[in-house]
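A short write-up of the structure that comes next.
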């Protein structure tokens, strides 16, 4: 009888250690879109933005596959849209106008009113245009999405932890 009790205690201890060793993933609800565009925005790629047409199309296609639409895409834009502060009705892709802190590769400024995006400006450091998924991530901000810190998600705050996971981002 005593040996069966010892066996039970050892078995329970082993099961407890096994359960403790298994890392249970965090369950996190999908991100919530902060604002959205009423109609497909024009995308303006400034002439001084050293990014290829291929990279822009690749990034736009990522979001199109999720159901998002874009209006006219203007490449090599050298109008005032690329030099001023006005970017209403468009997503403007340009080099950074002011220096970022040492870690920032890009930043997106989005103007929203009553949960509607009315304009967005994506500024990218000149040495960061070719970074995989960086433009896709910044377009996510321009479309109204916040950071979502799940490793592998396109909207993860840290580029090295970003991936193509688009959980919760599909346009309804």
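Read-outs: derived from the displayed coordinates by stated rules, not from any lab. Quick caveat: nothing in here was measured; it's all calculated off a predicted structure. Please note: Cβ atoms are built from the backbone with ideal geometry, for glycine as well, and neighbour counts cover all protein chains shown.
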Can you tell me the relative contact order of the stretch 36-146? Whole percent, Cα pairs under 8 Å, sequence separation 6 or more. 32
For 100, 148, what ranking results if the residue with the fewest other Cβ atoms within 10 Å of its Cβ goes first? 100, 148
How long are the semi-axes of the equivalent ellipsoid of the stretch 36-146, defined as square roots of 5 times the Cα gyration tensor eigenvalues? Whole Å, largest first. 19, 16, 15
Give the order of 161, 103 when sorted by the count of other beta carbons within 10 angstrom, beginning with the fewest. 103, 161
Give the order of 90, 32, 52, 128 when sorted by the count of other beta carbons within 10 angstrom, beginning with the fewest. 32, 52, 128, 90
Compute the length gained on full extension between residue 72 and residue 115: take 0.36 nm times their separation in residues and subtract their Cα-Cα distance, giving the result in nm to one decimal. 13.2 nm
Return the whole-Å distance between the Cα centroid of the stretch 21-95 and the Cα centroid of the stretch 99-172. 8
